[in-house]
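Readers should treat all values here as calculations from the given coordinates under stated rules, not as data from a laboratory. Computed from a predicted structure; not experimentally measured. Every residue, glycine as well, gets a Cβ built from its backbone with ideal geometry; the counts of neighbours run over all protein chains shown.
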Amino acid sequence: MIMTARPVDPFGGLAYVQIADDIARRIDTGEFTVKVPAERDTAEEYAVAHGTARKAYEVLRERGIIRTAGTRGNFIVKSSTT
């Protein structure tokens with residue numbers, strides 16, 4: 001089942017935190033099970049700058065939700081609620 005990204009709310013706080021929260025939600029719902037999209041694809045999907053998507057992925061790494069494996073991509077470590 002494919003979900004859609006929640007749009008970034010310009011009044012909803014920091015964009016990169018909103019994106020990180022939404023990606024965590026999408027992991028929890030099973031939309032992403034092994035890997036999350038590339039940062040550039042995420043930037044395009046959420047209509048934000050690449051740097052904003054990069055920062056969102058930093059937040060996900062800090063939360064222990066994803067791990068980056070060099071050029072192979074960003075892999076899900078665990079559900080954001082566990």
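Some observations on this one:
- If you wrap the Cα atoms of the chain in a convex hull and average its projected area over all directions, you get 5.0 nm².
- Peptides ranked, highest mean first, by Cβ atoms within 10 Å: ranges 45-58, 4-17: 45-58, 4-17
- Positive-end residue of Tyr16, Pro37, Val77, charge dipole of the chain with Cβ unit charges: Val77
- Applying 0.36 nm per residue to the separation of Arg40 and Ala69 and subtracting their alpha-carbon distance, the gain on full extension is 8.8 nm.
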